[in-house]
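Working notes, beginning with the structure itself.
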Amino acid sequence: MSKMTNYKMHDGMKQKVLVTGGTGYIGSHTVVELQAAGYEVVVVDNLSNSNADVIDNIEKVSGIRPAFEKVDCLDYAGLESVFAKHGGFQAIIHFAASKAVGESVQKPLLYYRNNIVSLINLLELMPKYGVGGIVFSSSCTVYGQPDELPVTEDAPIKKAESPYGNTKQINEEIIRDTVASGAPINAILLRYFNPIGAHPTALLGELPNGVPQNLVPYLTQTAIGIREKLSVFGDDYNTPDGSCVRDFINVVDLAKAHVVAIDRILRGGQKEKVEVFNIGTGKGVSVLELIHAFEKATGVKLNYQIVGRRAGDIEKVWANPERANTELGWKAGTSLEDTLLSAWNWQLKLRERGIQ
Ligand code: NAD
Ligand code: WQD
C-alpha cells in the first residue's frame, strides 16, 4: 500500500533522511510518516531499547522497507561508515537517547555519555559529509514547573530535575553553540510534551522495558491484567481535581511534526538557524481525566487507587503550541479518546503476539 505519489526529489533522487533511534517508539512512527511524505529513510539504532522486527512492521505499514544499520551512535567510526555507505543525507532526525528519568538518577554517567556523545558524534560528522540539517528530540522537561501556563518557547529554562532532563538542556546548548561557531548546520529543536498512543494499525507502539514508569503504558498493562492496580500519584495538587496535569500528544501527530520540520529545513524556510518549537496539543488533561477518558473510549473499567505524590513530579504543564501551529503549519489533530483507544489496541496486539 505504497502512498509514494509525491516523491521529495533532490537532483533527481528521493531526498534521504537519517533517523537515529528509528526503531524506537517515536522514531518508528516518524519513519512511516517520512516515507509517506516521499522521503527515503535510513535508520540507525543500537537496539538497546527496541527490536529489529520494528523494521518489518514499518514495512507493513508503509509498504517500504527502510534501510537499517545496527550501529551505536557512540561509535564514531561505525556512524561514519553509515554516512559513507549511504551517502547523500539531506538531514538527520536524532531520536537516539536513553530516556528513563529514574534510571538517569541511578546511572548519571551512562545518560551523560549516551545522550551527549551521540549528539557530538553526529554534529562532527554532519559538515564532513555535507549534511546541513538536524531535527533534535527535546522535551518539555527543560521548562521544569513553568511560572506561566500554557508555556511558550521563550519561558526560562529551569534547573533540571534529573540527569536525563539535564542532557536535553545540554544538548540544546551544544547545538546552539555549534551553529553559533559557524558550522554549516540548520537545526530545529522540538520540545515534546507527553507522547502517548500507538499507530492506528496497532503495528507500531511503545514497548516498555520492565515495569512501566510512564502513565499510559502502566494504565494499559493494568487494564489487560499484567499489573493489579494503577497508582495515581497524588490528588492534593493545586489543580481542578487534585491530580497532576499534562499535555498528552498523540504519537502520530508528533511524528508528523518531524516531517514538517524537515520540510522547513530543506526548503530553507527557517527564520533562524536554530529554531525551537513546542509540540503539544495546548490542552491540559489531568491524570484522573485521562483515566476516565480511557474507560469511556474502551469500555474497560480500570482498577486504580490514589497514593502519595511521586518525588520530582511537576504539578502541571501544558504547551502553548501557537508557534508550531503558525510557523510549521502543524497542529495536533487526534482526540484523546482515539489516542487512548490506539494505546489499548496496541496493548491487545502485544498480547496476541505473546510479547506482553
Ligand atoms: P525509545 O527508547 O523508544 O527510542 C530511542 C531509540 O534510540 C531506541 O530504539 C534505542 O534502542 C535507541 N538508542 C538509544 N541509544 C542509542 C545509541 N547510542 N545508538 C543508537 N541507538 C540508540 O524512546 P522514544 O520515546 O522514542 O524517545 C525518542 C526521543 O525522544 C529520545 O531522545 C527521548 O529522550 C525524546 N523524548 C521522549 C519523550 C517520551 O516521553 N517518550 C518525551 C520527550 C522527549
Ligand atoms: C504523567 C503523570 C505522574 C505513572 C516524563 C518525563 C518527561 C518526558 C515525558 C521525556 C504524572 C502520573 C504516572 C503512574 C501516575 N519524557 N502517573 N501513575 O512524568 O509527565 O514526564 O515523560 O522527555 O521528561 O519526566 O510522564 O507518564 O511518567 O507521568 O499517577 O503509574 O502521570 O505522577 O503526573 P511525566 P509520566
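The values are calculated or read from the model by the stated rules, or taken from the named source; none is laboratory data. Model, not experiment: these values are computed from the prediction. Every residue, glycine as well, gets a Cβ built from its backbone with ideal geometry; the counts of neighbours run over all protein chains shown.
Any residue in region 37-54 that's at positive phi and of a type in the set (G, A, S): show its pairings with residues that are buried (at least 21 other Cβ atoms within 10 Å of the Cβ) and modelled with pLDDT of 95 or more at Cβ separation under 9 Å, as long as the two are six or more apart or on different chains.
G38/Q15
Scan region 145-160 for residues that are out of contact with any helix residue (DSSP H, G or I) (no Cβ under 9 Å at 6 or more places or on another chain), touching a residue at least 40 places away in the same chain (Cβ under 8 Å) and surrounded by fewer than 17 Cβ atoms within 10 Å (Cβ to Cβ) and jot them down.
Answer for region 145-160, where residues must be out of contact with any helix residue (DSSP H, G or I) (no Cβ under 9 Å at 6 or more places or on another chain), touching a residue at least 40 places away in the same chain (Cβ under 8 Å) and surrounded by fewer than 17 Cβ atoms within 10 Å (Cβ to Cβ): just Q145.
Can you tell me which residues in region 269-315 are surrounded by 19 or more Cβ atoms within 10 Å (Cβ to Cβ), of a type in the set (G, A, S) and closer than 27 Å to L189 by Cβ?
G280, G284, listed by residue number.
Against the conditions (1) within 30 Å of V105 (Cα to Cα); (2) surrounded by 16 or more Cβ atoms within 10 Å (Cβ to Cβ); (3) of a type outside the set (S, T, N, Q), where does R264 fall short? Just the number, please.
Failed condition: (1).
In the list V135, V142, V82, which residue meets the criterion of being surrounded by 15 or more Cβ atoms within 10 Å (Cβ to Cβ) and either more than 24 Å from D263 (Cβ to Cβ) or at pLDDT below 95 (or both)?
V142
For region 79-127, give me the residue count where each residue is out of contact with any Leu (no Cβ under 9 Å at 6 or more places or on another chain) and farther than 27 Å from G165 by Cα.
6
Testing N320 on (1) crowded, with 17+ Cβ neighbours inside 10 Å; (2) farther than 29 Å from D236 by Cβ, one condition comes back false. Which one is that?
(2)
Considering only region 45-68, state which residues are among the hydrophobic types (A, V, I, L, M, F, W, C) and within 26 Å of V211 (Cα to Cα).
Result: L47, A52, V54, I55, I58.
Can you report the number of residues in region 175-213 which are in a loop (DSSP other than H, G, I, E, B), farther than 26 Å from N325 by Cβ and either among the polar types (S, T, N, Q) or under 19 Å from the mean Cα position of the chain (by Cα) (or both)?
10
Under 6 Å by Cβ, and 6 or more places apart or on different chains, what pairs join a residue from region 64-87 that is closer than 12 Å to L125 by Cα with one that is more than 11 Å from ligand 1 (Cβ to nearest atom) and not hydrophobic (A, V, I, L, M, F, W, C)?
F83/Y129
Quick one: would you say G225 is surrounded by fewer than 21 Cβ atoms within 10 Å (Cβ to Cβ), over 23 Å from V274 (Cα atoms) and away from ligand 2 (no atom under 15 Å from the Cβ)?
The answer is yes for G225.
Any idea which residue in region 161-200 is farthest from ligand 1 (Cβ to nearest atom), counting only those that are touching a residue at least 60 places away in the same chain (Cβ under 8 Å) and of a type in the set (D, E)?
For region 161-200, the residue satisfying everything is E161.
Residue by residue through region 164-199, note down the ones that are over 19 Å from E315 (Cα atoms) and in contact with a Lys or Arg (Cβ under 8 Å, 6 or more places away or on another chain).
Result: V179, I185, N186, A187, I188.
Among the residues of region 48-75 satisfying the criterion of being within 15 Å of ligand 1 (Cβ to nearest atom) and of a type in the set (V, I, T), which is surrounded by the most Cβ atoms within 10 Å (Cβ to Cβ)?
Within region 48-75, the match that is surrounded by the most Cβ atoms within 10 Å (Cβ to Cβ) is I58.
If we keep just the residues of region 7-30 that are of a type outside the set (D, E) and without any contact (Cβ under 8 Å) to a residue 60 or more places away in the chain, which is surrounded by the most Cβ atoms within 10 Å (Cβ to Cβ)?
T23
One residue is enough: does region 114-124 have a residue meeting the conditions crowded, with 17+ Cβ neighbours inside 10 Å and within 12 Å of ligand 2 (Cβ to nearest atom)?
Yes: region 114-124 contains one or more residues that are crowded, with 17+ Cβ neighbours inside 10 Å and within 12 Å of ligand 2 (Cβ to nearest atom).
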